[in-house]
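Please read the structure below before turning to the comments.
The values are calculated or read from the model by the stated rules, or taken from the named source; none is laboratory data. Being a predicted model, the structure only gives us computed values, none of them experimental. So basically every Cβ, Gly included, is an ideal-geometry build from the backbone, and we count neighbours across all protein chains shown.
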Amino acid sequence: MSENAQMTGLAMPEMELEGKVALVTGATKGIGLAIAWALATAGARVAICSRNQDSVTQAVGLLKGAGYEAMGIAAKVGEAGAADSLVQAVAEGWGRLDVLVNNAATNPVYGPLADTSMEAFDKILQVNVRGPFELSKKALPLLQKQGGSVINVASVAGLSPWEGIGAYSMSKTALIGLTKVMAKEWGGFGVRVNCICPGLIQTKFSKALWTNEAAMKQFKKSLALPRIGQPEDLMGLAVFLASRWSAYCTGSVFTVDGGMTI
């Protein structure tokens, strides 16, 4: 078959994800909301998940107000039963799941690892690692029916630990490893698993870092693009990884960091 013949029918459709269903955790603000919005604009029906019902209702209202189809589920990712309730709600509401975005994360401490309590350590692992693991596993039967995509949102801190957030950095390293294991094992089911590692993105979650003037001055020196990232900087990559355009990508780690890790 010629190259020209192979390209027939591959023109970018206006609504690449039309008819597909996506579940995004931690999706009521920041990176999660930006990704949910991007998937919706690409045609997907989007299930919004976060721990606060009022925030979930507000985010769903934002999407619906723009003419997109959305549902909301309040759940604390990582807690017993949360994964079951999320997958069940999506299955009952829309009967399928094509894209799972594990974005929910926590970092309750800032300081040396030696000063991190076991309670904080356990909470970080529960939300940042166990949550994505359990939800992905529960979602697998639905995902494999569609040849689905899992997108884990880690951090460049998982590639090289950041001072002051050691336990968080470690959890994101674990999430990157989990991505690769799932990709290796689930490829045979037709499920792709990839990882996005943002750099410093200007969100409420990272406010303690980007409001520190001295730290920001030093931070910008490490960047090829001398500005702090914005949630919308992840939107295009998320749609790419959710769509057929990334059909041969799995186990990959994509950085969105302004060139910090060059």
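Output the number of the condition that THR211 fails; it satisfies all remaining conditions of (1) of a type in the set (Val, Ile, Thr); (2) more than 21 Å from LYS29 (Cβ to Cβ); (3) surrounded by fewer than 16 Cβ atoms within 10 Å (Cβ to Cβ).
(2)
Can you tell me which residue among ALA139, ALA183, ALA154, ALA174 is of a type in the set (A, V, I, L, M), surrounded by 17 or more Cβ atoms within 10 Å (Cβ to Cβ), under 14 Å from the mean Cα position of the chain (by Cα) and modelled with pLDDT of 95 or more? Break it down into steps so the answer makes sense when it comes.
Numbers: ALA139 fails: under 14 Å from the mean Cα position of the chain (by Cα); ALA183 fails: under 14 Å from the mean Cα position of the chain (by Cα); ALA174 fails: under 14 Å from the mean Cα position of the chain (by Cα).
From the options ALA139, ALA183, ALA154, ALA174, the qualifying one is ALA154.
So in the stretch 186-209, with the set limited to residues that are part of a strand (DSSP E or B) and modelled with pLDDT of 95 or more, which one is farthest from PRO231 (Cα to Cα)?
In this case the residue turns out to be ARG192.
From ALA247, ALA242, grab the single residue that is more than 20 Å from ALA34 (Cα to Cα), modelled with pLDDT of 95 or more and not acidic (Asp, Glu). Before the answer, list the steps.
Details: ALA242 fails: more than 20 Å from ALA34 (Cα to Cα).
Matching residue, one of ALA247, ALA242: ALA247.
Quick check on this structure: which one of VAL90, VAL109, VAL99 is at pLDDT 95 or above and within 21 Å of LEU175 (Cα to Cα)?
VAL99
For the stretch 187-199, does any single residue satisfy the condition of being charged (D, E, K, R), under 23 Å from ILE165 (Cα atoms) and either more than 22 Å from the chain's Cα centre (by Cα) or surrounded by 13 or more Cβ atoms within 10 Å (Cβ to Cβ) (or both)? Step through it out loud before you land on a result.
Just the residues of the stretch 187-199 that are charged (D, E, K, R), to begin with: 192.
From what's left, under 23 Å from ILE165 (Cα atoms): none.
Checked against the condition, which is being charged (D, E, K, R), under 23 Å from ILE165 (Cα atoms) and either more than 22 Å from the chain's Cα centre (by Cα) or surrounded by 13 or more Cβ atoms within 10 Å (Cβ to Cβ) (or both), the stretch 187-199 yields no hits at all.
Considering each of ILE165, ILE151 in turn, give the residue that is touching a Phe, Trp or Tyr at 6+ places or on another chain (Cβ under 9 Å) and not polar (S, T, N, Q).
Criteria check complete, one pass: ILE165.
The rows are residues; the columns are (1) in a helix (DSSP H, G or I); (2) touching a Phe, Trp or Tyr at 6+ places or on another chain (Cβ under 9 Å); (3) of a type in the set (D, E, K, R); (4) in contact (Cβ under 8 Å) with a residue 24 or more places away in the chain.
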site: ASP84; (1), (2), (3), (4): yes, no, yes, yes
site: ARG96; (1), (2), (3), (4): no, no, yes, yes
site: ALA120; (1), (2), (3), (4): yes, no, no, yes
site: GLU134; (1), (2), (3), (4): yes, no, yes, yes
site: ALA139; (1), (2), (3), (4): yes, no, no, yes
site: LEU143; (1), (2), (3), (4): yes, yes, no, yes
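Out of everything in the stretch 155-171 that is of a type outside the set (Phe, Trp, Tyr) and assigned to a helix (DSSP H, G or I), what residue ends up being farthest from LYS123 (Cα to Cα)?
Residue satisfying both the conditions and the ranking: VAL156.
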